[in-house]
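Asker: The structure is given below, and queries will be raised subsequently.
The values are calculated or read from the model by the stated rules, or taken from the named source; none is laboratory data. A quick note: this is a predicted structure, and the numbers were derived from the prediction, not measured. As a convention, Cβ positions derive from the backbone with ideal geometry for all residues, glycine included, and neighbour counts pool all protein chains shown. Accessible surface is based on the protein model in full, side chains and every heavy atom, while ligands, DNA and RNA are left aside. Shrake-Rupley method; radii C 1.70, N 1.55, O 1.52, S 1.80 Å.
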Amino acid sequence: KACISCKIELDEDEFVDKFNPGMMEAVFAWCKGAKFIEVQKFSQTFEGTTIRTLRRLEELVRQIGTAAKAIGNHELQEKFEKGSELIKRDIVFCASLYL
């Protein structure tokens, strides 16, 4: 709807085909408390790719939570903060893997 009101040409089928749900199961499992090794079985990617994806997702969720706060939607802000807490845990968010 926003594209139509802004008069942006968009092929809806092409746009939808660009989505890659490949990490959805992995992220869902991670948020449910699965161990990293279990998440890797879902993702079919390199470990670094999974870690980078989870870190970027957490950053995005945090930024959307900040935006929700800025517009005064505290209920939405709380939901995104909870989502951020579910993502931000364990080895994925260690400062360094080198000891």
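Asker: Counting only residues that are among the aliphatic types (A, V, I, L, M) and either touching a residue at least 12 places away in the same chain (Cβ under 8 Å) or in contact with a helix residue (DSSP H, G or I) (Cβ under 7 Å, 6 or more places away or on another chain) (or both), how many does the range 63-99 have?
Answerer: Applying the first criterion (among the aliphatic types (A, V, I, L, M)) to the range 63-99 yields 64, 67-68, 70-71, 76, 86-87, 91-92, 95, 97, 99.
Among the residues that remain, those that are also either touching a residue at least 12 places away in the same chain (Cβ under 8 Å) or in contact with a helix residue (DSSP H, G or I) (Cβ under 7 Å, 6 or more places away or on another chain) (or both) are: 64, 68, 76, 86-87, 91-92.
Here the count works out to 7.
Asker: Could you check the chain for helices (runs of 4 or more DSSP H) lying wholly inside it with 3 or more residues that are within 16 Å of the chain's Cα centre (by Cα), among the hydroxyl-bearing types (S, T, Y) and modelled with pLDDT of 90 or more?
Answerer: Filter on the chain gives 47-70.
Asker: How many residues are open to solvent by 40 Å² or more (accessible area, probe 1.4 Å), in contact with a helix residue (DSSP H, G or I) (Cβ under 6 Å, 6 or more places away or on another chain) and of a type in the set (V, I, T) if we restrict to the range 27-62?
Answerer: Qualifying residue count for the region: 1.
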